[in-house]
Each structure stands twice: as C-alpha cells, then as structure tokens.
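Everything on this sheet refers to the single structure shown next.
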Amino acid sequence: SASHKADTLQQVEVQEEPQPLEADELFDDFIFNYASDDALQRKRTVFPLPYYNRDTPIKIEERFWKHDYLFTKQNYYTLLFDNENDMDMVGESVQVEWIYLKTRMVKKYYFERKEGMWMLEAINLRHIEEGEGENFVDFYTRFVTDSVYQSKHITTPLQFVTIDPDDEFSILETTLDVNQWYAFRPSLPTDRLSNINYGQKNEDTSRTKILKVNGIGNGYSNVFYFRRRGGEWEMYKYEDTSI
C-alpha cells in the first residue's frame, strides 16, 4: 500500500543521516555535538583522562566523569587571536580554553584528530604566565569592569565596522567617539573567556589581540581589536556584523 511505501522511504532517509565520522571534519561542528551529547562525549574522551592540576597529574576514570557542557550553556562563546591572519587557521590538534579572569587561571582541553575522529586527550589547569608589562588578561579584566578606565583606553576616534543599515550585504566603515561607543557598546564577558585554539600563537607577549564574540544560534557577531602602545593597551577598532 502507499502508506507502507511512505514508511519505508522515511526509514531509508533516517538511515542516510551522516554518521558522526562525517560530521567530524570540522572541529566547530564536532565541539558543539561533543558538548551537548553525553554519549558522544564519553565515546570521544580518552579514559582514564590525564588531568594536570597545576603540577599534580591525576587520571580521571570514566565512572567519575561528569558531563561537561563547555560553553554551550551560554548564548555566546569567545575566541582570541594575536592577529587577523590567524583567524583562518585549522589544524589536527585544537585546544579549547577557559580563561578565568578573577583567579587568573587557564583550563585547557586538548583535542586531537585520530583517524578522522576528534578525541579529548587531556585537560590542563594552570596559572596565566607573567609576561613583560601588563598582560592582556589583566588589562581586559579591568577594561570590562571599570568604566572610567575603559574610557581612557579607547582610541579616539574608534574605528567602527558594521553592516550598512540600508544594504545588509555591504559593510560600513566609520568611526565612533567615546560617547557613541558607550551608546553602542555591547556587554562584554566579565568573569571568564572561552577560546578555541586552532594553532594560532596566542602569546602573552603579543602587542595586538583580537577578541571575537560569536552568538550561539542567534547570528550575533562582534569583534574587538586591541593593541599595546607605549606599554598601555587600548581598543582601537570595534566590529559588529550581527545579522
């Protein structure tokens, strides 16, 4: 009968959905699946998992593993780059990082691609290294929590890149003064930053930093460009290309 035929067709369609292996080519796709799917997470984590807590190595047995949602419980995640050329990198090993601003700790998850499949191989928790001069994390922490300090560390005029309100396919490059920045400015994360390190350097000594804030499932996209001049950090460019 026709209805029976439709049923079999549906079954065939269901079976043709890509298996996790195919979805794994792009780390970005994988990491969302990994964070949200408990069964996949266990399958893609090497147990017992080496966990380095500062200098103390331990191994986490599977039965003690608690599901880790990474950044997927928020409606955004952030990425850090030293320069624009690094924004297109993609490698066979990727680290997902949490940078805890108040405690100045970094937690890194080490992912490696083995036979086409991404696996979590280790976690490492350490203090942020002391660089020469004010490091970016210390600057950023103060920048987002202290308005007066923020206003003194913004280049005037501030370069501003956004989508043209009259033509959503073209980009508008203009400038903002400090007051306009305060009118436009989005909220920036104040307690922790996430980062996905695809192989970009992210050196504490870099004189430029780019912070990208991507919405999760909502088309939000902001990029903040910072540079260090005469030992002081400043934000010199702000990009809002949210859809």
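The values are calculated or read from the model by the stated rules, or taken from the named source; none is laboratory data. Not measured: the values here are computed from a predicted model. Cβ coordinates were reconstructed from backbone atoms using ideal geometry, including for glycine residues, and neighbour counts include every protein chain displayed. In case anyone asks, the SASA skips ligands and DNA or RNA and just uses the protein heavy atoms, side chains included. Shrake-Rupley method; radii C 1.70, N 1.55, O 1.52, S 1.80 Å.
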Unique residue being surrounded by 16 or more Cβ atoms within 10 Å (Cβ to Cβ), closer than 18 Å to ARG44 by Cβ and touching a Ser or Thr at 6+ places or on another chain (Cβ under 6 Å) when the list is LEU101, LEU120
LEU120
When you go through TYR225, TYR198 one by one, which is the residue that is within 16 Å of THR162 (Cα to Cα), among the hydroxyl-bearing types (Ser, Thr, Tyr) and either open to solvent by less than 50 Å² (accessible area, probe 1.4 Å) or modelled with pLDDT of 95 or more (or both)?
TYR225
Going by what's in this entry, would ARG63 be described as among the charged types (D, E, K, R), modelled with pLDDT of 90 or more, open to solvent by 50 Å² or more (accessible area, probe 1.4 Å) and in contact with a strand residue (DSSP E or B) (Cβ under 9 Å, 6 or more places away or on another chain)?
no
Does ALA23 meet the test of being at pLDDT below 95, open to solvent by less than 80 Å² (accessible area, probe 1.4 Å), hydrophobic (A, V, I, L, M, F, W, C) and out of contact with any strand residue (DSSP E or B) (no Cβ under 9 Å at 6 or more places or on another chain)?
yes
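Each row is one residue, and each column tells you yes or no for (1) closer than 30 Å to PHE32 by Cα; (2) surrounded by 14 or more Cβ atoms within 10 Å (Cβ to Cβ); (3) at pLDDT below 95.
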site: GLY131; (1), (2), (3): no, yes, yes
site: ILE154; (1), (2), (3): no, yes, no
site: PRO165; (1), (2), (3): no, no, yes
site: ASN179; (1), (2), (3): no, no, yes
site: LEU193; (1), (2), (3): yes, yes, no
site: SER206; (1), (2), (3): yes, yes, yes
site: LYS212; (1), (2), (3): yes, yes, no
site: LYS237; (1), (2), (3): yes, yes, no
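Residues are listed down the side, and each one gets a yes or a no for (1) touching a Lys or Arg at 6+ places or on another chain (Cβ under 9 Å); (2) in a loop (DSSP other than H, G, I, E, B); (3) under 19 Å from TYR77 (Cβ atoms):
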{"site": "TYR140", "(1), (2), (3)": "yes, no, yes"}
{"site": "SER170", "(1), (2), (3)": "no, no, no"}
{"site": "ALA183", "(1), (2), (3)": "no, no, no"}
{"site": "PRO186", "(1), (2), (3)": "no, yes, yes"}
{"site": "GLY219", "(1), (2), (3)": "no, yes, yes"}
{"site": "VAL223", "(1), (2), (3)": "yes, no, yes"}
Qualifying position, being modelled with pLDDT of 90 or more and over 18 Å from the mean Cα position of the chain (by Cα), among PHE169, PHE71, PHE143, PHE111
PHE143
Need pairs with beta-carbon distance below 7 Å; first residue over 19 Å from ASN85 (Cα atoms) and within the range 216-243, second among the basic types (Lys, Arg) and open to solvent by 30 Å² or more (accessible area, probe 1.4 Å); sequence gap 6+ or separate chains.
GLU234/ARG227
